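The values are calculated or read from the model by the stated rules, or taken from the named source; none is laboratory data. Keep in mind the model is a prediction, meaning the values are calculated, not measured. Note that we place each Cβ from the backbone using ideal geometry, even for glycine, and neighbour counts take in every protein chain shown. SASA here: full protein model, heavy atoms, side chains in, ligands and nucleic acids out. Shrake-Rupley method; radii C 1.70, N 1.55, O 1.52, S 1.80 Å.
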Amino acid sequence: MRARRTAPAAAIGSNEFRSDDRIDVVDPYRGDLVGTVECADAEAVSEAVSVAADAVPAWADTAVAERAAVLRRTAALIEDARRGLAATVTREMGMPTTLAAATQQVMPATVLRAMADAAGTFDWQRTIDGATLRHVPAGVVAAITPWNMPVHQIVAKVSAAFAAGCGVVLKPSELTPFDALDVRRCFVDAGLPPELFAVVNGRGSETGSLLTSHPGLGHVSFTGSVDAGRAVARSAAGNLVRATLELGGKSPAVVLPDADLTTVIPRVVASGIVNSGQACNATTRLVLPRSHQDEIEQLLVDAAQASVLGDPADQSTTMGPLASRLQTDRVLDHIEKARADGGHLLTGTGHTRRVDSCDGFIAPTIITELGPTARAVREEIFGPVLVTQFYDTVDEAVEIANDSDYGLSAEVWSADSDVARDVAAALEVGQVKINGVRTRERPAVPFGGMKQSGYGRELGATGLAEFTEIQAVMS
C-alpha cells in the first residue's frame with residue numbers, strides 16, 4: 001500500500017497549523033485514498049497574511065537579480081524528477097504521467113525561467129513628462145488555483161508575484177493539495193524566505209472566501225469557474241483590492257478550407273481532449289468548412305478512436321479518468337442534455353467507460369447537429385466533449401467563433417499564414433494560436449481572457465506588472 005499523506009491546514013513560515021476538519025483526497029483511477037487535507041480557519045488565514053506582509057518589505061528591497069536567481073533555482077528543483085511532482089499530480093487528479101511530466105514539471109520550470117528573464121528586463125522605472133514612474137510591489141497576493149493543471153497554475157501566479165517583490169498566500173484546490181506543498185518546498189529550498197510563501201488549505205467557499213475578503217491583501221489572483229470568479233471579484237472589491245481573474249473558456253478551433261485536413265483534424269481533436277478535456281483553453285468548438293464535411297467527420301472519428309484510455313501511470317495512456325466522480329457526473333449530464341437538444345453523437349457512448357477497476361472514464365465524444373443556442377455549444381463542459389459547427393464562408397466562420405459568452409483562447413488553421421493572421425485579428429479572445437502553436441511553447445506571452453473569461457493577464461512581463469502598483473514622483 002502506498003503511503004498516505006496529510007496536508008496541514010496551513011504552512012506558514014516554519015510552522016504548521018492543524019485542524020480536525022478534514023477532506024479525503026481520492027485517486028480517481030484506483031479509487032483509493034491518497035491522503036487527507038485539513039482545512040484552515042480564519043485564524044490561520046489571518047496569520048498567513050500577517051506573516052507574509054511582515055516579510056514583504058525586505059523582499060521588495062532585495063535586488064531584482066537575486067529574486068530572479070531564486071526563480072531559476074526553483075525551476076531546477078521543480079523539473080527534478082526525484083521531487084515526484086508529476087507522479088503526485090497523476091495520483092491526485094488522474095492526469096496521464098507523460099502529460100504530467102510535460103505540463104507539471106517541464107512547463108512550470110520554463111515559466112519560472114521566463115519570468116526570471118522578464119524581471120531582468122522589466123521597465124521598473126521610467127520618466128514621463130518630468131515625472132519618475134516606479135513599479136512597486138502590490139503587497140500580499142492571494143493566489144487561488146484549480147485542480148486541473150495544479151503545478152502550472154500555481155507557478156504562473158507565484159512566479160510573477162515573487163518577481164514583483166510581493167508575498168503570497170496560496171489556496172490550492174482541495175482535490176490537489178499535496179503538489180502545492182511540494183511546490184512551496186521547492187521555493188524554500190531554492191532560498192525564498194519561507195515567511196513570504198504561505199499555503200492555506202480548505203474549501204473555496206470557506207477558506208477561499210476568508211482569504212479573498214482579508215483586508216491585508218494587495219492583489220487577488222484567481223483561476224476557476226465564472227460563478228466562482230464573480231464571487232471572488234465581489235469579495236476583493238469589498239476592500240477595493242484589484243483582482244486578476246482567469247475563468248472559463250469555450251474555445252473555437254477555426255479550420256479554414258485550405259488547411260491540410262489529414263494533419264489538422266487529429267491535432268485539433270487532441271487539443272480539445274487534452275487532460276480529458278479538463279483545460280480552460282481546450283478547443284471544444286470545432287468551426288469547420290461545410291464543403292469538406294464528410295471527409296472531416298471521418299477524420300474526427302478516426303482521431304477520437306486513436307485515444308488510449310487506461311491507467312494514467314502507464315506511459316502508453318493518452319487519456320486518464322476525469323478528476324472526480326462529481327466531474328464525471330457533470331460531463332455525462334451535459335452529454336445527455338445535448339442529446340435532448342437534438343445532438344448526434346459522432347463518437348462516444350454518452351456513458352462512463354469502465355477501464356480496469358475505474359468507471360471515471362468518458363471516451364472522446366464529438367457531437368454534431370446542434371444549434372447555436374444548445375447548452376453544449378454555449379457552456380463550458382470541462383470534459384472530453386467537442387461540438388462541430390460548420391460554415392460556408394470565412395466571414396461566417398468568424399461570426400460563429402465570436403458567438404460565445406467566453407473569450408479566452410482560439411486556434412486558426414490555414415495553409416496561408418497571412419490569411420490565418422487576418423482571421424485571428426477578428427476573433428474576440430485573449431490569445432490566438434495559429435497552426436498548432438502551443439501555450440507551453442511561449443511562456444513569455446500573456447495569457448488571459450475577454451468577456452466572461454475574466455480580466456487581467458498571466459505570464460511574462462505583462463503578468464509581472466499585474467502584481468505591481470505605479471507610483472509617480474514629480475519634481
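The table below lists the values:
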| item | result |
| --- | --- |
| Matching residues, the range 457-475, being assigned to a strand (DSSP E or B) and open to solvent by less than 20 Å² (accessible area, probe 1.4 Å) | GLU458, THR468 |
| Selected residue [under 27 Å from ALA142 (Cβ atoms), over 17 Å from the mean Cα position of the chain (by Cα) and open to solvent by 10 Å² or more (accessible area, probe 1.4 Å)] from ALA303, ALA237 | ALA237 |
| Residue ranges of helices (runs of 4 or more DSSP H) in the range 197-276 with at least 2 members outside the structural domain of GLY165 (by the TED database) | 261-273 |
| Residue in the range 125-142 that is assigned to a strand (DSSP E or B) and basic (Lys, Arg) present | yes |
| Any pair with Cβ under 8 angstrom, 6 or more apart, that starts in the range 151-169 at a residue that is of a type in the set (Lys, Arg) and ends at one that is outside any loop (DSSP other than H, G, I, E, B) | LYS157/VAL141; LYS157/ALA143; LYS157/VAL168; LYS157/LEU170; LYS157/SER221; LYS157/THR223; LYS157/GLU458 |
| Residue that is nearest to ALA415 (Cα to Cα) [pool: residues in the range 263-276 that are within 16 Å of the chain's Cα centre (by Cα) and open to solvent by 10 Å² or more (accessible area, probe 1.4 Å)] | SER271 |
| Tally of residues being more than 24 Å from ARG378 (Cα to Cα), open to solvent by 80 Å² or more (accessible area, probe 1.4 Å) and hydrophobic (A, V, I, L, M, F, W, C) across the range 422-454 | 0 |
| Some residue of the range 34-43 being more than 17 Å from LEU196 (Cβ to Cβ), assigned by the TED database to the domain that holds SER159 and in a helix (DSSP H, G or I) | yes |
| The range 240-262, subset within 30 Å of HIS292 (Cβ to Cβ) and touching a Lys or Arg at 6+ places or on another chain (Cβ under 8 Å), residue surrounded by the most Cβ atoms within 10 Å (Cβ to Cβ) | SER251 |
| Subset tally (residues that are open to solvent by 10 Å² or more (accessible area, probe 1.4 Å) and in a helix (DSSP H, G or I)) for the range 277-300 | 9 |
| Contacts under 8 angstrom Cβ, first residue in the range 80-105 being acidic (Asp, Glu), partner outside any helix (DSSP H, G or I), 6 or more apart | GLU92/VAL25; GLU92/ASP27; GLU92/VAL34; GLU92/TRP147; GLU92/LEU175; GLU92/THR176 |
| Matching entry among ALA65, ALA58 (being hydrophobic (A, V, I, L, M, F, W, C), touching a Gly at 6+ places or on another chain (Cβ under 8 Å), more than 24 Å from GLY360 (Cβ to Cβ) and not in a loop (DSSP other than H, G, I, E, B)) | ALA65 |
| Flag if ALA69 is within 24 Å of ASP117 (Cβ to Cβ) and in contact (Cβ under 8 Å) with a residue 24 or more places away in the chain | yes |
| Filter result (of a type in the set (Ser, Thr, Tyr), open to solvent by less than 10 Å² (accessible area, probe 1.4 Å) and either modelled with pLDDT under 95 or within 26 Å of the chain's Cα centre (by Cα) (or both)) within the range 377-404 | THR388 |
| Qualifying residues in the range 1-19 (those that are farther than 19 Å from ALA48 by Cβ and assigned to a loop (DSSP other than H, G, I, E, B)) - the one least open to solvent (accessible area, probe 1.4 Å) | ALA3 |
| Residue, nearest to ASP41 (Cα to Cα), within the range 176-204, restricted to residues that are among the β-branched types (Val, Ile, Thr) and open to solvent by less than 10 Å² (accessible area, probe 1.4 Å) | VAL200 |
| Test: residue in the range 124-142 that is open to solvent by 10 Å² or more (accessible area, probe 1.4 Å), touching a residue at least 12 places away in the same chain (Cβ under 8 Å) and under 20 Å from the mean Cα position of the chain (by Cα) | no |
| Given (1) open to solvent by 20 Å² or more (accessible area, probe 1.4 Å); (2) modelled with pLDDT of 95 or more, number of the condition GLY343 does not satisfy | (1) |
| Members of the range 427-475 that are within 13 Å of ALA163 (Cβ to Cβ) and touching a Pro at 6+ places or on another chain (Cβ under 9 Å) | GLU458, LEU459, GLY460, ALA461, THR462, GLY463, PHE467, THR468 |
| Qualifying residues in the range 309-325 (those that are over 19 Å from the mean Cα position of the chain (by Cα) and outside any loop (DSSP other than H, G, I, E, B)) - the one nearest to ASP359 (Cα to Cα) | ARG325 |
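Yes or no, residue by residue, for (1) within 21 Å of SER19 (Cβ to Cβ); (2) among the β-branched types (Val, Ile, Thr):
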position: THR132; (1), (2): no, yes
position: ALA143; (1), (2): yes, no
position: PRO172; (1), (2): yes, no
position: LEU175; (1), (2): yes, no
position: ASP189; (1), (2): no, no
position: LEU192; (1), (2): no, no
position: ALA198; (1), (2): yes, no
position: SER205; (1), (2): yes, no
